[in-house]
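A short reminder: the numbers here are calculations on the coordinates, not readings from a lab. Quick caveat: nothing in here was measured; it's all calculated off a predicted structure. Here the Cβ positions follow ideal geometry from the backbone for every residue, glycine too, while neighbour counts run over all protein chains shown.
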Amino acid sequence: MLSTRIIPCLDVDKGRVVKGVNFVDLVDAGDPVEQARLYDAAGADELCFLDITASHEGRDTIFDVVRRTAEQCFMPVTVGGGVRNLDDIRNLLLAGADKTAINTAAVTNPDFVGAAALKFGSQCIVVAIDAKRVDRDGKTAFEVFTHGGRRETGIEAIGWAQRMAELGAGELLLTSMDRDGTKAGFDLELTRAIADAVPIPVIASGGVGTLDHMVEGVREGHASAVLAASIFHFGTYSIAETKAHMRAAGLEVRLDI
Amino acid sequence: MSALKVVIIDYGSGNLRSAEKATARAADDMGGGEVLVSNDPAQLASASHIILPGVGAFRDCRLGLDAVTGMVDALTAQVIGGGKPFLGICVGMQLLATIGREHGDCDGLGWIPGEVAAITPADKTLKIPHMGWNALQFDAAAHPVLAGLRPGDHAYFVHSYGFRADDDADVLAHVDYGGPLTAMVGRANMIGTQFHPEKSQRFGLAFLKAFLEWWP
């Protein structure tokens, strides 16, 4: 049986962890590689780096982070943030990333997703979708947003997800911008609507506050994987506690770390 | 036993850094050895172990391998002729088959008879690619590379096409994904894994070490 993947996400700004584990025994708690090693040892199923570096000059720092991580951690690593062209993807893959997450660039040029999948294979192309509830003629709809949920695109999210899958995305990273940072749980309606509409795996993200939320994301949201940042970073729950809880709820998880 | 020298074949496919680092770590665990990433066919003659990685589409990988002058001949000489231990990873494993069906038919190396065809689980709610950690079930638990490993341990997979061996005896391990999927094939001095040992944490390193300790 395939296990549900538990994926911690690290926000990285100019090569430093912005929101990360507050472990006292770390030599350098701001070093993403140190944190990646901890998650590797703890049995995280994958790791996600989100590069939030705004300045162009700081961009290259992520390659060094990925390179050093790949030398020490033998687990799948996804890198998102600022992936805008084929060279960005190539450089990340060469540095040691297994997958790259495309967000804004997919919205500005959907064919980029197709070109990337053709060039590097669907297995390394994740499309990140930031979706938000909007009112459309008195009915709730889900719409794609960019720029951290600030910029409206007018694109309906479910059809968009299907289009990305058709273009060759191997996986979707779906974040509810309504729930992100709220600890109120995933937007299950959104997650299920998208997961049921596409043949590819969906990673649920945005809103995890309790371990039951993780279970719901899979059982009710039909997600193949769950991503969380805060609950791991601030030590609310460990990877092991998360997996034990999901196993107790009857979900398939990998315990042989 | 001669000295360990692992050659990882570089033919422009995949993330060789991970394969190199994981193999080097496994080699260190057993006292060290040389791990070389190379596109030079001549290096295979002095190799003790050969690894063929591969990600992407079957046809692209086959064309990429053929584009390295002399590599297929050198591989054939050392693996089929010389009997050196060989490990194919992901598409590197799929290339062992007779034929690949991805984006049209394409000949494989034909060293382990079978075809590589799209995964079509009966349960339509199962996602393609088969992506993530799945529990290995050993069909040949006594194989020297598997003997020291634990059935039921998880390995990391990401693929949409699977190896269908003509002869069941060539399937060394499988996983369940709406039915059995081939996880590992093997014949004589050759093995191939659909999963990525270089991405499978503790299990993956133990697997690579078992391969490096194999002198068939």
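Comparing mean-square fluctuations of A:T191, A:T236, A:T100 from a GNM of chain A with C-alpha springs under 10 Å, the top value falls on A:T236. Computed on chain B, with alpha-carbon pairs under 8 angstrom and 6+ residues apart, the relative contact order is 21 percent. Close amide-amide hydrogen proximity is noted between B:Y161 and B:I119, each under 5 Å apart and 5 or more residues distant or on a separate chain (H modeled in the peptide plane; Pro and chain starts excluded). Taking amide H positions as modeled 1.01 Å from N, with prolines and chain starts lacking one, the residues under 5 Å from A:I155 and 5 or more places away or on another chain are A:V144. Model label points for A:H147 and A:H56, set 7 angstrom from Cα along the Cα-to-Cβ axis, are 1.8 nm apart. Can you tell me how the range B:5-212 classifies by the Cα gyration tensor, rounded, prolate or oblate, using a/c under 1.5 as the rounded cut? Oblate, because a/c is 1.5 or more while a/b does not exceed b/c. For the range B:134-175, a/c is not less than 1.5, where a ≥ b ≥ c are the root eigenvalues of the C-alpha gyration tensor, and a/b does not top b/c. That puts it in the oblate class.
What do you get for trypsin sites (Lys or Arg not before Pro) in the range A:70-163 restricted to DSSP loop and a cutoff of at most 12 other Cβ within 10 Å of the site's Cβ?
Values: sites: A:R84, A:R90, A:K99, A:K119, A:K132, A:R133, A:R136, A:K139, A:R150, A:R151, A:R163; in loops: A:R84, A:R150.
Hits after loop and neighbour filter: A:R150.
Taking 8 Å as the Cα distance limit and 6 or more residues as the minimum spacing, I'd like the relative contact order of the range A:1-139 as a percentage.
So the answer I get is 18 percent.
Under a model in which nothing but the beta-carbon of Lys, Arg (+1) and Asp, Glu (-1) is charged, the range B:5-212 shows a dipole of about 500 debye around its Cα centre. Other residues within the sphere of radius under 12 Å centred on the Cβ of B:P151, judged by their own Cβ, net out at -2 (K and R +1, D and E -1).
For B:K5, a cut-off of 16 angstrom between C-alpha atoms picks up these aspartates and glutamates, skipping any fewer than 8 places away in its own chain: B:E20, B:D28, B:D29, B:E34, B:D40, B:E213. The phi torsions of the range A:121-132, fed into the Karplus equation with coefficients 6.51, -1.76 and 1.60 and a -60° offset, translate into couplings of x, 4, 4, 10, 10, 9, 9, 8, 10, 9, 10, 9 Hz, rounded to whole numbers, with Gly and Pro shown as x. Can you flag which of B:K21/B:K124; A:K99/B:K84; A:K14/B:K21; A:K14/B:K209; A:K14/B:K127 are past 28 Å Cα-Cα? From B:K21/B:K124; A:K99/B:K84; A:K14/B:K21; A:K14/B:K209; A:K14/B:K127, over 28 Å: B:K21/B:K124; A:K99/B:K84; A:K14/B:K209; A:K14/B:K127.
Using only the Cα atoms of the protein assembly as shown, construct the convex hull and provide its projected area averaged over every direction, in square nanometres to one decimal.
Its average projected convex-hull area is 21.5 nm².
Between B:W214 and B:A45, the contour length at 0.36 nm per residue exceeds the Cα-Cα span by 59.1 nm. From least to most packed, judged by other beta carbons within 10 angstrom and beginning with the fewest, A:V144, A:V18 follow the order A:V18, A:V144. Considering only alpha-carbon pairs that sit under 8 angstrom and 6 or more positions apart, the relative contact order computed for chain A is 18 percent.
Which of the lysines could a cross-linker span from A:K183 if the Cα-Cα distance has to be under 17 Å and same-chain partners fewer than 8 positions apart are dropped? Within reach: A:K19, A:K132.
Between A:E189 and A:S238, the simple label model (points 7 Å from Cα in the Cβ direction) yields a spacing of 3.8 nm. Distant-in-sequence amide contacts of A:N109, defined by a placed amide H-H separation under 5 Å and a gap of 5 or more residues or a different chain, comprise nothing. Over the protein assembly as shown, dividing the summed -39,500 (n - 2.57) contributions of all DSSP H runs of at least 4 residues by the number of residues returns a 222 nm mean residue ellipticity of -8000 deg cm²/dmol. Springs between Cα atoms under 10 Å define the GNM used for chain B, and in it the highest mean-square fluctuation of B:Y177, B:Y161, B:Y11 occurs at B:Y177.
Computed from phi, the 3J(HN,Hα) profile of the range B:102-112 under the Karplus parametrisation 6.51, -1.76, 1.60 (θ = phi - 60°) reads 7, 6, x, 5, 8, 5, x, 6, x, 7, 10 Hz, with x in place of Gly and Pro.
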